[in-house]
Amino acid sequence: MASISTKEDEFCISLSSQEFNDLGLEPAKLYEFVKVKDGVWVMLEAGEQKFEVKEVDDLEEKVVGLLKQKDLKDKVEGRFEKLLNEKELKKFEEMLKDGKVIKFKLSDKYKKAVYKLVENNSVQTSTQIENKEKPFEEYSLENDGFVVVKNEMRAKRLSDDLKDEIKNGVIKGIKSFDGYFYIIKNDLLEEIQEKVLIEMKKEKTIDLDSLDKKVSFTKTLVRVGCEFLKEDGQIIEKRKGIYQFID
């Protein structure tokens with residue numbers, strides 16, 4: 001591990017021989033240090049072509065993290081702003097102006113929009129999934145946007161493989177009462193939840209078969225969305241496959 005020491009009026013960075021060799025440094029060359037942010041520095045070889053070090057925007061990272069990790073109800077227009085302090089709110093308003101965040105309304109029946117993060121100039125929609133019913137084992141994140149897992153060991157392996165995406169809020173997972181594990185891309189989850197809630201607010205109580213027909217998603221995907229809404233406390237399952245909206 002590198003350490004810093006003082007020698008007369010100079011500061012020295014000390015490395016072990018092993019660290020020096022592992023980094024591929026050369027004794028006769030000079031190196032420059034550039035601070036990226038608190039706790040992060042980049043070392044550049046002096047005299048060589050330099051690259052631009054992009055400063056990390058801590059405020060934007062905080063807003064992005066909240067938009068990825070918070071539940072749908074917390075991203076509603078007017079509610080999300082309350083999660084931000086003054087500086088974060090100013091950055092959020094800049095992101096809205098720059099098109100990095102958009103207001104999304106699935107239907108005019110919603111009074112308020114939901115904020116969505118735009119990454120790589122795209123927002124995922126249901127047109128990007130196969131959206132057809134099939135055996136549980138045939139669903140995949142790549143083609144369907146979600147997977148259904150019965151085996152607990154396989155679910156753990158998947159969670160380990162996807163830990164970065166889960167940590168960043170790109171993917172969410174849940175274990176249902178029936179023992180299945182549901183892992184789904186967050187953008188798709190938000191879309192199915194929005195559609196389900198529109199119908200639930202109108203019908204108050206509805207069965208899975210009827211809900212499936214109204215939202216035009218497969219029954220399995222609708223069930224996945226409902227499991228997360230149950231976990232979030234927005235609906236309850238009165239009997240198997242019969243859901244009730246909580247006012």
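The values are calculated or read from the model by the stated rules, or taken from the named source; none is laboratory data. The shown structure was predicted, so the numbers you read here are calculated from the model rather than taken from an experiment. Backbone-built Cβ (ideal geometry, glycine too); neighbour counts: all protein chains shown.
Filter the range 106-116 for residues that are modelled with pLDDT of 60 or more, in a loop (DSSP other than H, G, I, E, B) and charged (D, E, K, R); which is farthest from LEU72 (Cα to Cα)? Full working, then the answer.
Within the range 106-116, the first condition is being modelled with pLDDT of 60 or more, and the residues that meet it are 110-116.
Within this subset, residues satisfying the condition of being in a loop (DSSP other than H, G, I, E, B) are 110-113.
Then drop every residue that is not charged (D, E, K, R), which leaves 111-112.
Details: LYS111: 15, LYS112: 12 Å.
Selected residue: LYS111.
When only residues in the range 52-68 that are in contact with a strand residue (DSSP E or B) (Cβ under 9 Å, 6 or more places away or on another chain) and at pLDDT below 80 count, which is surrounded by the most Cβ atoms within 10 Å (Cβ to Cβ)? It would help to see each step written out before you state the result.
Going through the range 52-68, the residues in contact with a strand residue (DSSP E or B) (Cβ under 9 Å, 6 or more places away or on another chain) turn out to be 53-56, 58, 63-64, 67-68.
Okay, now just the ones that are also at pLDDT below 80, so 53-56.
Working: VAL53: 14, LYS54: 7, GLU55: 9, VAL56: 11.
Once the filter is applied, the top-ranked residue is VAL53.
Determine which single condition GLU119 fails, assuming it passes every other condition in (1) at pLDDT 80 or above; (2) more than 20 Å from CYS226 (Cα to Cα).
For GLU119, the failing item is (1).
Right, TYR243: surrounded by 23 or more Cβ atoms within 10 Å (Cβ to Cβ) and over 18 Å from GLY145 (Cβ atoms) or not?
yes
Consider LEU229 carefully, then state whether it is at pLDDT 90 or above, in contact with a Gly (Cβ under 6 Å, 6 or more places away or on another chain) and closer than 22 Å to ILE129 by Cα.
Working: at pLDDT 90 or above: yes; in contact with a Gly (Cβ under 6 Å, 6 or more places away or on another chain): no; closer than 22 Å to ILE129 by Cα: yes.
Judged against the criteria, LEU229 is not a match.
Regarding the range 199-207, can at least one residue be identified that is under 15 Å from ILE129 (Cβ atoms), of a type outside the set (Gly, Ala, Ser) and modelled with pLDDT under 90? If you could, list the steps in order and put the result at the bottom.
Going through the range 199-207, the residues under 15 Å from ILE129 (Cβ atoms) turn out to be none.
Checked the range 199-207: no residue is under 15 Å from ILE129 (Cβ atoms), of a type outside the set (Gly, Ala, Ser) and modelled with pLDDT under 90.
With the structure loaded, tell me whether LYS103 is of a type outside the set (A, V, I, L, M), modelled with pLDDT under 85 and farther than 24 Å from LYS219 by Cα or whether it fails that test.
Numbers: of a type outside the set (A, V, I, L, M): yes; modelled with pLDDT under 85: yes; farther than 24 Å from LYS219 by Cα: yes.
Yes: the conditions hold for LYS103.
Considering ILE174, ILE166, ILE184, which residue is in contact with a Ser or Thr (Cβ under 8 Å, 6 or more places away or on another chain), modelled with pLDDT of 85 or more, closer than 28 Å to LEU66 by Cα and surrounded by 15 or more Cβ atoms within 10 Å (Cβ to Cβ)? Break it down stepwise before answering.
Values: ILE174 fails: in contact with a Ser or Thr (Cβ under 8 Å, 6 or more places away or on another chain); ILE184 fails: in contact with a Ser or Thr (Cβ under 8 Å, 6 or more places away or on another chain).
One residue alone meets the criteria, ILE166.
Quickly run through the range 155-198 and pick out the residues that are of a type in the set (Val, Ile, Thr) and under 14 Å from LYS230 (Cα atoms).
Initially, the range 155-198 is screened for residues of a type in the set (Val, Ile, Thr), giving 166, 170-171, 174, 183-184, 192, 196, 198.
Result: ILE174, ILE192, VAL196.
Which members of the range 219-247 meet the condition of being basic (Lys, Arg) and over 14 Å from ILE192 (Cβ atoms)? Let's see the steps before the verdict.
Within the range 219-247, the subset basic (Lys, Arg) is 219, 223, 230, 238-240.
LYS238, ARG239, LYS240, listed by residue number.
So, GLU203, is that one out of contact with any Gly (no Cβ under 6 Å at 6 or more places or on another chain), buried (at least 16 other Cβ atoms within 10 Å of the Cβ) and either touching a residue at least 12 places away in the same chain (Cβ under 8 Å) or not assigned by TED's automatic domain parsing to the domain that holds GLN69 (or both) or not?
Values: out of contact with any Gly (no Cβ under 6 Å at 6 or more places or on another chain): yes; buried (at least 16 other Cβ atoms within 10 Å of the Cβ): no; either touching a residue at least 12 places away in the same chain (Cβ under 8 Å) or not assigned by TED's automatic domain parsing to the domain that holds GLN69 (or both): yes.
The answer is no for GLU203.
State whether one or more residues within the range 180-191 are assigned by TED's automatic domain parsing to the domain that holds ASP212, within 19 Å of the chain's Cα centre (by Cα) and hydroxyl-bearing (Ser, Thr, Tyr).
Of the range 180-191, the ones assigned by TED's automatic domain parsing to the domain that holds ASP212 are 180-191.
Add one more test, that the residue is within 19 Å of the chain's Cα centre (by Cα), and what stays is 181-191.
Keeping just the survivors that are hydroxyl-bearing (Ser, Thr, Tyr) gives 182.
The answer is yes, given that some residue of the range 180-191 is assigned by TED's automatic domain parsing to the domain that holds ASP212, within 19 Å of the chain's Cα centre (by Cα) and hydroxyl-bearing (Ser, Thr, Tyr).
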